[in-house]
Amino acid sequence: MPPDPPAAGELRQDEERPLSLYIHVPFCSARCSYCDFFLVTRLDHIEAFFRALAVETRAAGPLLRDRTVKSIHFGGGTPSLVPVHLVAGWLELAASLCTFAPGIEIALEANPEDLSGNAMEELKAAGINRLSLGVQSYRQRKLSALGRRHSAEDALRITREAVSRFDSVSIDLICGVPGESTGEWLGDLQAALALAAPHISVYMLSVEPKTLLERRIARGLVTVPDEGVQASMYAAAIDMLSAGGYLHYEVSNFALPGHHSRYNLACWMREPYLGFGPSAHSFIFDGAFERRRANAGSLLRYLDNPAGSAAFEEVLSEEERFVEQVFLSLRINRGLDVEFLRKHNKLGLNLSKVTERFIANEWIVIENGRLRLTDKGFLFADHIAGELISP
């Protein structure tokens, strides 16, 4: 019989595994029409949040002690909204509790409208070496349709400046915006290629429940391109970015050599990470056990008890670990070990029939003992994973 998993206060991180940190900064000046992330638009709590963040971080000292951290990601929300000295102060605290790996990636998500004046130089001085820009589009009509606060001119100027100042820059682009034409999307891709941003994330607009966008669509005020049109836009992105020298290393992500997101790749490869801030998630190893934890999605609750803000925690079962491994491995271009799949999958002898069908559809390839999605197959990643884990 396996031993009982340790209690939350007895967690012992596996010191041989690399560690990443995520900080959820929940502040935005306004909520975009398509966004369903946890955020608040009251900016008068920013300093109180960073005081609480310091308390939570110190409480995590046992998990950080004697550990080397390979990547740190400030997400949100809009981290670029907060005063830079608060970001710098947290990084100094974290560095006192653990060891930063040589060449550590420290990334911060930013909106173009927050990066005027000396903002970029201040971020660099604070230790940020990778900037993730929420550009979404270089077309003014699309930006207006999405409710973004920056202009197309700002997006072009800030991207150009960021690429010249930072070691690594990522830009987000969205296709499938209300009223978007294929020509507009191709224009966005051409602009991104011309600016030579070393990392580009391509997202097909998802209409999430309870968002302003969903309500507008329900009332007939706007329409979005159908799935077929979005799929053709995604295919165009793959073709253009691949031709431009970008590696399609994850469903939505393309990078020039050496510019992949270390934090995101760590999550997809199921490496351990610690999350700080309201709604942040953690993935922790306790010897033979794997634990997931999530903080409460409430700023006020977090401010009231930052050291005890966890709202959910579970030890993953063997089946849950298998399911995660399949879904996450198929998202990245290294794929899934076929022997792992054969050993754990409940499909048994039917597995060959399933994979043969996917190969015939040109959705997967099996090479050197690994099952990988094709560019076409990335469109059906969740469907393929679902069939591979079905009993």
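The values are calculated or read from the model by the stated rules, or taken from the named source; none is laboratory data. Because the structure is predicted, anything quoted here is derived from the model rather than measured. In this analysis, Cβ positions are derived from the backbone assuming ideal geometry, glycine residues included, and neighbour counts consider all displayed protein chains. Surface accessibility is based on the protein's heavy atoms, side chains included, excluding ligands, DNA and RNA. Shrake-Rupley method; radii C 1.70, N 1.55, O 1.52, S 1.80 Å.
Label sites at LEU247 and ASP382, each approximated as a point 7 angstrom past Cα along Cα to Cβ, lie 2.7 nm apart.
Express as a percent, rounded to the nearest 5, the fraction of DSSP beta bridges in region 289-391 (both residues included) that run antiparallel.
On the way: 11 of 11 bridges.
Of the beta bridges lying entirely in region 289-391, close to 100 percent run antiparallel.
3J(HN,Hα) couplings calculated from phi for region 22-39 with the Karplus curve 6.51 cos²θ - 1.76 cosθ + 1.60 (θ = phi - 60°) are, in sequence order, 10, 10, 8, 9, x, 9, 9, 6, 7, 8, 5, 4, 9, 8, 10, 6, 6, 7 Hz; Gly and Pro show x.
Applying Stokes-Einstein at 20 °C and 1.002 mPa s to the Kirkwood radius of region 247-315, computed over alpha-carbon pairs, gives a translational diffusion coefficient of 156 µm² s⁻¹.
Just to be sure I understand the curve: with the Debye formula and one point per C-alpha of the chain, what is log10 I(q)/I(0) at q = 0.07, 0.10, 0.11 Å⁻¹? Log10 I(q)/I(0), no solvent term: -0.34, -0.72, -0.88. Think of each Lys and Arg Cβ as +1 and each Asp and Glu Cβ as -1; about the Cα centre, that makes the dipole of region 255-391 roughly 200 debye. Rounded if a/c is under 1.5, else prolate if a/b is larger than b/c, else oblate: which is region 220-345, with a ≥ b ≥ c the root eigenvalues of its Cα gyration tensor? Because a/c hits 1.5 or more and a/b fails to exceed b/c, region 220-345 counts as oblate. Solvent-accessible surface of the chain, taken per residue with a 1.4 Å probe and all protein chains present: 45 Å².
Out of the total accessible area of the chain (probe 1.4 Å, heavy atoms of protein only), what percent is carbon and sulfur? Using a 1.4 Å probe with all protein chains present, the chain comes out at 52 percent carbon and sulfur.
In order along region 95-101, the Karplus-derived 3J(HN,Hα) couplings, from 6.51 cos²θ - 1.76 cosθ + 1.60 at θ = phi - 60°, round to 5, 7, 9, 8, 10, 7, 5 Hz, and Gly and Pro are given as x.
If both residues of a DSSP beta bridge must be in the chain, then about 45% of such bridges are antiparallel. Note that region 320-328 has calculated 3J(HN,Hα) couplings of 5, 5, 5, 4, 4, 4, 5, 4, 6 Hz, one per residue in order, obtained from phi through the Karplus relation 6.51 cos²θ - 1.76 cosθ + 1.60 (θ = phi - 60°); glycine and proline are x.
Computed from label points 7 Å out along Cα-Cβ, the spacing between ARG219 and ASP304 is 3.4 nm.
In a reduced charge model with +1 at each Lys and Arg Cβ and -1 at each Asp and Glu Cβ, region 101-146 shows a dipole moment near 340 debye about its Cα centre. Backbone amide hydrogens, once placed in the peptide plane, bring ALA196 within less than 5 Å of nothing, excluding anything fewer than 5 places away on its chain. Loop-located GluC sites (Glu not before Pro) in region 68-109 (DSSP state not H, G, I, E or B) with no more than 10 neighbouring Cβ atoms inside 10 Å do not occur. Under a 5 Å amide H cut-off, with hydrogens placed 1.01 Å from N, ILE72 pairs with LEU21, GLU105, ILE106, ALA107 among residues at least 5 apart or on other chains. Lysine pair count for the chain (Cα-Cα distance under 30 Å; residues 8 or more apart in sequence or on different chains): 7. Between ILE171 and LEU133, HIS199, ILE200, SER201, the built amide H atoms are under 5 Å apart, and every one of these is 5 or more places off in sequence or on another chain.
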